[in-house]
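First the structure, in the form of structure tokens, and then the observations on it.
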Amino acid sequence: MSVIPLGGDRINLGRRSVRSRSHCRLVFNLQGRWKLRIHCGRTQQVPGHQCCAAQPMTTIEFDQNSARETRQRRACGSSVITPSIMLSPLTQREAVLSSRIEGTQATVDEVLEYEAGIEFDTEKTNDIKEVVNYRKTLTLASESLKHQPITLTLIRQMHAVLMDHVRGSDKSPGQFRIEQNWIGASDSTIEMAKFVPPDPLQLPIHLDAFEKYIGSDDIDTLIQCAVVHAQFEILHPFKDGNGRIGRLLIPLFLFQKRALSSPMFYLSEFLEEHREEYYQRLRAIGDEGGWTAWVGFFLKAVETQALSNCSRVRGILNLYNDMKSRVSDVTHSQYSPAILDALFDRPIFQTPDFVTRSGIPKPTAAIVVRKLREADILLVIREASGSRPAILAFRELVNQAEGKRVL
């Protein structure tokens, strides 16, 4: 019978079968080609025991290397799409949605406006800072994974960045807890708790097993990822911020296992939409069949979110391709590729920031911005006043990233 070892525990996948499993791979190359491959399988009976065997059932691919794109690239010079720029809107959205699961109230456009210099009230500012820290944490971890695997040291570093100068910064950022914690109402006692994580004296033992499991290879990468996320939430090793760190580990783990070409696959949209079931499945893991139900829920999240992310990226890529010719036609500038990348990297900005990120000479940038405003490509969020620069927005990208009209 096939099992997943996890420290001193074992998760039995043989008593009940998960109805379907999906293996998704999102591939990006610098020529602008996106492919989403989804292989769905069902549990098969293998002589002597029962195990999970993925059987290819469907493959979805789409290719954006069209003749139109070739013409646009010629029109805009040797523009090459940078994955981090193309996926920047998704990263922003993930940071917002993962933080929202924990009760933070902020939107993508508010975060971008804040970073561009718009002021908000204290409560909203605190919410936005948590989102900004989430994105900084993902950036730190992504860079670290280029040189080292996921370790407890990296997880502590991530937590220190996540909790830096925000709510919870007084709860030992970057340090595993040495006190007993529990999950329940704000005024509840441990006897009334919905869930009590392991004793802090035993926590180092469990964390050591957790680190070893992350570095191991199990029967299936996605199932192992489901286990990694759940086990981290069960251990609840920090006083605060466990949910956000646990969700950050999902793309990082899949990237480490080379299931992703970059750590930019995010589940928080699905988890936020199904928040009650998400928490319920995690809490029920200790019940009969709880692990099977959790893994099934997680795999459904992966499959659903892969298709959603794919659709959203396709919309962003189409917008990028459309804007190549528009920006070139409007500005008649040799800097069109740099202009385009600057707009997609930071769609709400002050003019000086645009000059810095695009690398365009200041006088030229001023002319470019004026032309883009006149063409209604840029929307004025705040007019310039004295020494205070204007704040502008590339609203088509902001609306595309949000999935609705916000500007």
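Read-outs throughout are calculated quantities, based only on the coordinates presented, and are distinct from any laboratory measurement. Here the structure is a predicted model, which means the values were calculated and not measured. So basically every Cβ, Gly included, is an ideal-geometry build from the backbone, and we count neighbours across all protein chains shown.
Diagonalise the Cα gyration tensor of the stretch 332-402 and give the resulting equivalent ellipsoid semi-axes, square root of 5 times each eigenvalue, largest first, whole Å. Don't jump to the answer; show the numbers that get you there.
Numbers: eigenvalues 55, 50, 25 Å².
Output for the stretch 332-402: semi-axes of 17, 16, 11 Å.
Excluding residues on the same chain fewer than 8 positions from Lys300, give the lysines whose Cα lies under 23 Å from its Cα.
Lys35, Lys257
Which percent of Cα-Cα pairs in the stretch 80-310 sits in each 5 Å bin, short to long?
Calculated P(r), rounded to whole percents: 1, 6, 14, 19, 21, 19, 12, 6, 2, 1, 0, 0.
If we count every other residue with Cβ under 12 angstrom of Leu201's Cβ, Lys/Arg +1 and Asp/Glu -1, where does the sum land? Walk me through the numbers before you get to the answer.
Details: positive: Arg177; negative: Glu179, Asp199.
Net of charged neighbours comes to -1.
Which lysines have a Cα lying under 22 Å from the Cα of Lys239, excluding residues fewer than 8 positions away in the same chain?
Lys129, Lys136, Lys171, Lys194
Using only the Cα atoms of the stretch 88-159, each taken as one equal point scatterer with no solvent, compute I(q) by the Debye sum, divide by I(0), and report log10 of the ratio at q = 0.15, 0.22, 0.25 Å⁻¹.
-0.53, -0.93, -1.07
Output ³J(HN,Hα) for the stretch 327-343: one whole-Hz value per residue in order, computed from phi by the Karplus curve 6.51 cos²θ - 1.76 cosθ + 1.60 with θ = phi - 60°, and x for Gly and Pro.
So the J values, rounded to whole Hz, are 5, 5, 5, 6, 8, 6, 10, 5, 8, 3, x, 5, 4, 4, 5, 5, 5.
Which order do the peptides 212-223, 82-93, 261-272 take when ranked by the mean count of other beta-carbon atoms within 10 Å per residue, highest first? Could the numbers behind the result be given before it?
Numbers: 212-223: 16.2, 82-93: 18.9, 261-272: 21.1.
Taking the mean over residues of other Cβ atoms within 10 Å, the ranking is 261-272, 82-93, 212-223.
Beta carbons within 10 angstrom, averaged per residue: use that to sort the peptides 353-362, 180-189, 154-163, 339-348, highest first.
Working: 353-362: 16.7, 180-189: 11.8, 154-163: 21.2, 339-348: 23.1.
Descending packing order for the listed peptides: 339-348, 154-163, 353-362, 180-189.
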